[in-house]
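Asker: Please see the structure below; I have some questions.
Rule-based calculations on the coordinates, nothing more; no lab input. Just so it is clear, the model here is predicted, and its values are computed rather than measured. Cβ sites come from the backbone with ideal geometry, for glycine too, and all protein chains shown count toward neighbours.
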């Protein structure tokens, strides 16, 4: 059945797709993007561990209901899935999540780090606990499952069973270009993009490819801040439907994406954009220490020769 309407959906077809036989974890998969990722991976033949803490948008409360609902849908169209309620930003609980996948399905091939929430504030009004909560769930919530999954894949490689594994992290345009009123969220998502680059390099020797997506979609996190832009059209293609993002996630999770690693891909509707990120631009080396008085004119020359930064979202 459709995640959006609860009705039969043509996408829920016979399970023989590009992820057939693979075992995947999706964090924050009870609602929104994560839900669609879990459903699409299952439609493509993957066995899925559906992780969700079941919290409110602000990170309060716990419920097993959202994850189990997705599991029931997957089982309903013939797929295999189990629910998990671990707090993925808790280091020990993140290990139990990885362990559950291995113990239930015998292996782990794919980790989709998706979970998160927002507590948007202008910087001058931001509270310490809000900053800490957002950084914790997004940035540590990526690190902890990735750390434990990486340990498993490294052990497999050392035993001569080199994986063909995939990690798909979730960054954001807010983390790549910045977003007014979202300092903590933007900082966390920018950190995730950098984490992706490092992990891609470090884990390549163990047979693991690591990429990130930067999705634009209508979810609980976006409908408040960008309600007008995220609204569904009355007719025609809904560019903000979160289901638009998940086929790209499924491809990145599949063996067909071999050789693609360390990349960030922005997705909105039917458009995909390969982000190019920070690159070395114009440079000047004096061969000696700079004098403060001479630095200004030279730096202005370099800045004038460099690419103009893209505008911050909301500016």
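Asker: Quick check: the angle from helix 292-305's long axis to the longest principal axis of the chain, C-alpha only, nearest 10 degrees?
Answerer: 50
Asker: While we're on this one: How much of the DSSP bridge set in region 23-274 is antiparallel, in percent, rounded to the nearest 5? If you can, show how the numbers build up before the last one.
Answerer: Numbers: 4 of 30 bridges.
The answer is about 15 percent antiparallel.
Asker: Obtain the nm distance between the two label points defined at residue 194 and residue 162 by a simple spin-label model: each point lies 7 Å from its Cα along the Cα-to-C-beta direction.
Answerer: So the label points at residue 194 and residue 162 sit 3.1 nm apart.
Asker: On to the next question. Sorting check: for 92-104, 27-39, which peptide has the highest mean count of neighbouring beta carbons within 10 Å, and how do the rest follow?
Answerer: Values: 92-104: 17.8, 27-39: 28.7.
Top to bottom by mean Cβ count within 10 Å: 27-39, 92-104.
Asker: In addition: With n ≥ 4 as the cut-off for DSSP H runs, can you work out [θ] at 222 nm for the chain, using -39500 (n - 2.57) per run divided by the number of residues, rounded to the nearest 500? Mind showing how you got there, number by number?
Answerer: Details: 11 runs with 121 residues, N = 315.
Computed ellipticity for the chain at 222 nm equals -11500 deg cm²/dmol.
Asker: Please arrange 194, 172, 257 by how many other C-beta atoms lie within 10 Å of their C-beta, fewest to most.
Answerer: Details: 194 15, 172 28, 257 19.
Going from least to most buried by this count: 194, 257, 172.
Asker: In what order do 118, 49, 124, 180 fall by count of nearby beta-carbon atoms within 10 Å, going from fewest to most?
Answerer: Lowest count first: 124, 180, 118, 49.
Asker: When only Cα pairs under 8 Å and 6 or more residues apart are kept, what is the percent relative contact order across region 23-274?
Answerer: Working: 535 pairs, mean separation 46.3, N = 252.
Over region 23-274, the number comes to 18 percent.
Asker: Order these by the 10 Å Cβ neighbour count, fewest first: 142, 148, 280.
Answerer: Numbers: 142 31, 148 20, 280 5.
Ordered from fewest to most neighbouring Cβ atoms within 10 Å, 142, 148, 280 come out as 280, 148, 142.
Asker: Starting from one equal scatterer on each C-alpha and no solvent at all, send me the Debye-based log10 I(q)/I(0) for region 259-315 at q = 0.21, 0.27, 0.31 Å⁻¹, two decimals.
Answerer: Calculated log10 I(q)/I(0) at the listed q: -0.96, -1.19, -1.28.
Asker: Identify the residues of region 121-164 with backbone N under 20 Å of a label point that sits 7 angstrom from the Cα of residue 91 along the Cα-to-Cβ direction, or state none.
Answerer: Inside the label zone: 132-155.
Asker: Report, in degrees rounded to the nearest 10, the 0 to 90 angle that the Cα long axis of helix 65-76 makes with the longest principal axis of the chain.
Answerer: Approximately 60 degrees, to the nearest 10.
Asker: Follow-up. By how many degrees, between 0 and 90 and to the nearest 10, does the Cα long axis of helix 141-158 differ from the longest principal axis of the chain?
Answerer: Approximately 70 degrees, to the nearest ten.
Asker: Quick one: Cα centre-to-centre distance for region 250-314 and region 71-149, in angstrom?
Answerer: Measuring centre to centre over Cα atoms gives 29 Å.
Asker: Taking only the alpha-carbon positions of region 23-274 and ignoring solvent, what does the Debye formula give for the base-10 log of I(q)/I(0) at q = 0.10, 0.11, 0.12, 0.13 Å⁻¹?
Answerer: -0.43, -0.53, -0.64, -0.75
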